[in-house]
Structure formats: structure tokens, C-alpha cells
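The values are calculated or read from the model by the stated rules, or taken from the named source; none is laboratory data. Quantities reported herein were computed from a predicted structural model and do not represent experimental measurements. Cβ placement follows ideal geometry from the backbone for every residue including glycine, while neighbour counts extend to all protein chains displayed. SASA here: full protein model, heavy atoms, side chains in, ligands and nucleic acids out. Shrake-Rupley method; radii C 1.70, N 1.55, O 1.52, S 1.80 Å.
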Amino acid sequence: MSQFTKPPQLPLKLLRLYCGEHRLEEIEGDLTEVFNEFVKEHGTRFSTFFFWWLVIRGFRSYALKRKTMKNKGLISNAIMFLRHNLTITWRNLVKYKTTSVINILGLAIGISSFLAIYTIIQFELSFNKEIPDGERIYRITSAYSGAFTATNRGVAVPIPGHVKEQFTGLEGIAHFFTFNATSEVMVDGLMKDMGRQSEIAVADKEYFKVINQYEWLAGSEEELDDPFKVVLTEKQARTYFGNIDWQDMIGRKIAYRDSLEVYVSGIVKEPDYNTDFVFTEFISFPTISSSWLKERFENEDWGSTNSSTQLFVKQHPGTTKTNLLSQLEGLNEFVGEKNKELDWVQNYNLQPLSDLHYNPDMGIFDNSRSSAHRPTLIVLGVVAVFLLLIAVFNFVNLETAQSVNKSKEVGVRKVMGSSRSNLVGRFLTESILITFFAVLISIPVAHYGLALFQEFIPEGAALQYESAGFWIFIILLIFSVGIVAGFYPSWVTSSYQPSRALKSGSVNKSSNMRGSLIRKVLISFQFLFSQLLIVGTLAVVFQISYMLDKELGFDEEGVFYFYTPWYDSEEKRERLVNQIVTIPEIRETLLNGSPPVQNGYSTSTIKFMNGDDELVLNPHQKSGDTSYLSFYNLKLLAGENLKPNESANELLINETFMRDLGFELPREIIGKQVDYNDDNYTIAGVMEDFHFRSMHHPIEPMFIRYGSSNSSIAMKVGSDDQLQSAIDKLTEEWHQVYENVPLTIYFMDETVEKFYETERKTSKLASMATGMAIFISCLGLFGLISFTIVQKSKELGIRKVLGASLFQIGSILSREFFILILISFAIATPVAWYLIGQWQTDFAYHKEISWWVYGLGGFASMLIAMLTIGVRVWKASRTNPIESLRYE
């Protein structure tokens, strides 16, 4: 080590005269240390010139600062400081173009993913929050136990009347029925067909007092005391009658299903916030008893529940929920006495309004959109945060690696008197500016991403550009991401000592040792998350493929069906059937109550005396004619087909039902008697089990009885080429019989596919998230390998001169990254195995995930990393070794 040398004293004296003794004391030690480091490297003469240069820069910097402090205020100084930092930041972004592009692009992808998912989650979580007094509103729902276990969002029809008479502490009781129908409206003396309307409620005026979210534009709720009245929402009124005055709409006629004529008595304005109460028409409650609606809605059976019968209650402000629950216990006891002859127990529970949008077991209303699934929203939120973290970690890695390039700037600024806080502010300004550019890109990407994946996005979810809250969120996002991403790199970079920062190459080793561990951890996390997504996506794809390819036990190919209107005459249905059989393209026709698989299901109580023990079961039930087995190619294991006579009282049961009744061999149960609908039925045959529900459920007990009235009609065509022609002719025949009723055709294979709609959407979203995570990771890997190549340019040049091959160079550069990927694989495999196992518990039948699927995740990560590194190494290998050896 060379002897300590004092720096030239003349420049120090001049600096003391100009800046003052106290200012010189702050920086003299740093100046002396820097001078000695240069003496060691370059000798005294060169170091003296360099020292004079530093002092002159100090004069200029201090003079500018003193002048500024003298003439400018605090705010002006802050603006000048910010402008200076932005100028330097912009120069650095331009200077290091590759790193800047990688940082901006990586952050943009992560932020756009986060922004899109945040929009969906924020939209779903906003429902029903602004309904007045929502915390005091509850829905009363039904639950069953005993012979069968189930829940229902509706109540028995007599329940609301009992609640009105017996319950106390309630401010309002809203009893209404959900309804859908085709409608016609009277416009200028002519009836105009408006098609099917599915958001209709039959309600009284109490509905508007409990669900107080509407503003009356014309009329009032008092009009609903009279029969044959209807209140329309503003949007529906405009759809029906156009842009005429509200008062001119009052008294106009609307006809539902041709025969139910009502008259407009009021118009209400819909709320401007998200709500599940999206009914567009409210038919007055007294209309039920004065029309054919009584056949559907007037039912005094305390044990019969329909999901369309809704009951909402609103508590008085001072009443506790405990008081309401205690009264429900009394209701349950009362209903239990009414239904004591039944084999099940029917209880009523409270569902808070805040739970209405998020309970898939209950659903929202008949014909409404599907409920949001809180666990799915949580998973989406976790994925969004992790995608953003991957982008942030990517930024941290690159900036930490690039800190070496900023060491000389740090050294000069510290020698000139900059504090560490000023340096941190300088580098945080750079990260915030990069985040700003990334957000500018991410907003349109998120916008078009939501549009591109519209099938996964709930209707109405979109970026709220007109909302001030949206832009406040964007500003907070820019600063929070910028600060989180930039704090660690700025703290590391600002920590360099001036003597080491200004000495060529002295920072490299210490910087690498300091940042190496954190970079390894962050890279490992990126590939860990990527591997989890890869394996998870493969598991979802394999499970969906397994469910769609698995034999269901019946013939589903080429089968399509439709339902005839339940309220219309049997004569019309028979006329349609007679016309269908004349269509040459239709090969087979079947009259059946329900196809083997459908979205809904029906169960019934069966009693069986097995010796001295009475078994009470609640199997699924279906009905069909004598062609049911042959049409769907169902296999009969024992017995015979149903007789073409409903009075024969015969049942076909499946194998599971047979075993639940205590029999192992199908022939043993043939001819046994069971009690069904308080009548004796004979078991005529046993069918081989088939899947009549999704594979989320095990095969359950099921029976088929003879019946063909008021049911669906199923058909098969001769070939796929004849399908469209058959549908066209069928539609023509349909409208000749049901003039104003739209024909809805269902395809059996599509019905099966819809069982797994959620899984299919999950698969596509997981694939998209996987692609983004991999792309962000590859961007970071590309940037890091590029930086490594620059740092090792001399070593690579020497190795190339000595004859090293491309493969040898690539292995040297990539060895560390591959080790990190293997570590990520070792952690990701057990985590993925556990998570996939938890997810598969939702399926009664699932595909076993082979070991090679987990290995494929690690192999895919390795291959992707290899390709990313290979591209950069190949480019570096084409560089002339002389250029590498001239570096620095």
C-alpha cells in the first residue's frame, strides 16, 4: 500500500474561503480519501488534475445551490430538485435502452394483469353495498334434513303471511315471486311483440319499502294494491314505448303470454350502483288471485317450496338479529307441527343481504346471473398480486445488477456533498418514472384484455375512466409500485463509498456479493410461481379432458331437445309432435320428462320395507316413454322395460339405488314394491349406472317412471349435415303451433360441457396468467444474462480466443440460473401436489396426475430459460473477441 498523500492545499483553501470552514469539514475527508485512491491507481500528477476538477465542480455546485436557496422558496426548490432528477432519469433511460425497455415492459404486463383482475374483484365486491339500510335486510331461506339434505333460496307460500302476522321488530316485509314470460305491448293502438322477459317480479308495495333503491318518475307504489297493474323501470319503459313522456306511458297495456293483460301504473329509475335487484317489471300482487297466475303461485302447502317464492325482511333500527333468530326458531317449530307427517325436517334461516351475491349454494334469483364465488375471487387476487410481485422482483433484480453502472454517479454526487437521502430520492424518481410509463402502457392493455376475455368477465365490469376514484387509484398505484420496486435498488446504490465508487472495478465485487443473494431469491421465486402455474394449468386441462371424454353411460352424440310451454294445452303439444315425425331429417323422436343430464334436478321420497326396517330414501327421478332406454342406449341389467301406461305404477332404478335398498344382484329386486307418492310401485327393471349429473357428484340413486305429458321432446338426425335443415323445419313447425313463443333448442353435448364451464374458464385464465408470468420471468432473465455478459466481457473474450465453444460459454453463463430453477422445482413440486389435491376434492371423479406432469413443469421452465439465455449467448458469441478485450 502506498504512503498516505495529502491533496493539494490551494484548492482546499479556495474552497474554504468560498464555502466556509463548516462546509469544508463535511467533505474534506471524502475528498482526501478519493485523492489517495487515485494516487494509488494513476500517480500523483493525474490525481492532482482530477482533484482540481472535483473542487471546481464543488464550486459550481455550491454556488448554484446557495443562489437558489437565496432566491427561491421551499416549493420552488422542490420543483427544481424534481426537474433535475427527471432530467437525469430521462438521460439514464435513454442511455440504457435495453434495461429500460425490459423494466417498463415487465412492469406494464404485471400492472395490466393486476389492473384487470382488480377491476373484476372490485366490481364483484361492490354489489348491494349502497342499498339503503342494507345491513338490516335479510332473506329468509329454506333448509332440509332427514330423508334428504338440501337448501333452497325460496320459502313455502304460506310463510310470508305467517311472518307478517306473528313476527315483531320488522320495519318491512317484501314477499314477491320471480317470473319470466313473453310480452307484448300496446303502442299506438297496435300490439308489439317484445320477446321473452326474464326479469319480472310479482310484488306488492312493500317491496319498494324494503328494497328502497328506486326513484319514482311517475305513479307510486300505492297503485300496486290493485290487480292488473305493472310498474316498469326507466330502461324497460324506454324499450317498450320509446322517448315519450312518462305520463303518456301510464295506462298503456302489456300482455304476458297472450292472456295476462296489465296496465302501466308507474315508472321508477334504476339505481346507478351495482345491485342484484335488476327486475325490470313489477306486476301487482293482487293480480295473482284474479288471473291464471294463481295456478302457479297460490299454494297453501306448508311443505312445498319453490325457489321463485322470495321473502325479504327489514329490521327496525333498534332491533337485534338475535331477536329475529329467536322468532325463526318459533317458526321452525310451527312448521314442524304442520309437516310432522313428512319424512324430512324443514327449517328456515337468515341470509344477510351482504351474502346474497356470494352464495353459490343459494344462488341469487331464478333467471339471474350466477353468484360470485368468494374463494375464486381470493385466488384471482392472489394471482394478481403474484404477477405484480414477479414484475416488481424483475425490476429489483435488474436495477440491483445495474447499480454498478451508477457507482461513479454516486461517487461524484457524494463528493459534491449529496446526502444519502438525496441519492435515494434521485433513484426513486427514476423507478417512479419507469412505473409511470409502464402504467401508461398497462391501461390500454388491461382495457383490451377485458374486452378480449369478455366470456370470463362479469357483465358490467370495466375500467371506470369517468370515476375520480379510478384515477386516484392509478396515482397511488404508480407511487406505491415505484417506491416498492425502487427502494431496495436505490438503497443499495446510494450506499457506495465515494472512494470505492470512483475507483474503476472496485464496486463490482462488493456489489455482486451484496446483491447476489437477493437476486437468487427473487429469481427462484419467479420460476417457482411460473412452475406452479404451468403444473396447475396442466392439471385443470387434464381434468376437463377426462370429464368430457369419460363414458357417461348413455348416448349423447347428435341429441338435441326442447321444452314445450308447460302452461299450454296438451292438444297443441300433440299437434307439434305429429308434425315433427313428418320431418325426414329427424331419425328418432322421444317424448320424455327430462333428458339424462340437465342443469336442474328433481328428487322424491321413496319408502321401502326391508324386513322389519323401513328405508326412506330421496332418489332422483326422471320420466319418459317406452323408447327412453333405446333412444339413449341405456343398458338394462335385469327385468323389463316400462309398460306404456302410467297406471301400471312401475319404476326402473339404477344400480346405486338397488344397493341402497340393500340388494347386490339386480334380479333379486325385480318385482319388489316401494311406496312412491303414497302409492305402491313395482320395480320393473334395473339399469346400469350412468352419469346424470356432473362429475363433481358421485352417481346417486335414481329411478325412471312412465310419463310423457307436458315434458321435453328429444330428437336425433340422420347425419350432422342434416342438422341445420332439421332445425329450420322444426322452427317453422314450432311457430305454427306456438306463434309468439320463442323456440330454445338444447344440445346434449353442450349441456354436458356447461357442467364444467367454471373449470374451462379457470383453465383459460390460468393459461393466460402462466404465459404472462413466464414472459415477465424471461424478460428479467434476458436482462440479467445480458448484464452478466457485459460484466464478464473480458473473460468471455479470452475464452473465445483460447477456443471455447458456444456450448461451453453458455454453460458458464447459465449454470447459476439452472441451479436456481432446480431449487424452484424442488419447492414447487410438493406445493403443486398439495394444491392440486385440494382442488380435486371438489370432484367425485378425477384424473390422477402422473409424476411426469410435475416434471414437465420443471422441464418447461428449464427449456424456456435455456432458449432465453441461448438467444443472448448466441448474440454474444458473434462478437469479435478483440472488442470484448477492449471493454473498459
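Values computed for the structure shown
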| quantity | calculated |
| --- | --- |
| Loop-located chymotrypsin sites (Phe, Trp or Tyr not before Pro) in the stretch 243-335, at most 15 other Cβ atoms within 10 Å (DSSP) | Y273, W292 |
| Projected label distance in nm at E574 and N212, using a 7 Å step from Cα toward the beta-carbon | 5.6 |
| Residues of type aspartates and glutamates that K97 reaches as a straight line, Cα spacing below 17 Å, ignoring anything fewer than 8 places off in the same chain | E399, E430 |
| Surface share of carbon and sulfur [accessible, 1.4 angstrom probe, percent] for the stretch 576-641 | 40 |
| Surface accessible to a 1.4 Å probe, M658 within the full protein complex, Å² | 0 |
| Inter-label distance for E614 and F487, nm, one decimal - labels placed 7 Å from Cα along Cα-to-Cβ | 7.0 |
| Whole-percent carbon and sulfur share, accessible surface of the stretch 287-326, 1.4 Å | 44 |
| Candidate aspartates and glutamates - alpha carbon under 16 Å from K572, same-chain residues fewer than 8 apart omitted | D258, E732, E733, E739 |
| Shape category assigned to the stretch 128-287 from the gyration tensor of Cα positions, a/c cut at 1.5 | prolate |
| The stretch 103-245, accessible area per residue, ligands and nucleic acids excluded (1.4 Å, Å²) | 38 |
| Chain lengthening between E664 and E640 when straightened (0.36 nm per residue, less Cα-Cα) | 6.8 nm |
| In the stretch 707-804, lysine pairs closer than 29 Å at Cα, eight or more apart or cross-chain | 5 |
| Entries of K164/K209; K635/K672; K209/K269; K622/K643 with Cα pairs more than 18 Å apart | K635/K672 |
| The stretch 649-754: mean projected area of Cα convex hull, nm² | 10.0 |
| Mean accessible surface per residue for the stretch 642-765, computed with a 1.4 Å probe while every protein chain stays in place, in Å² | 46 |
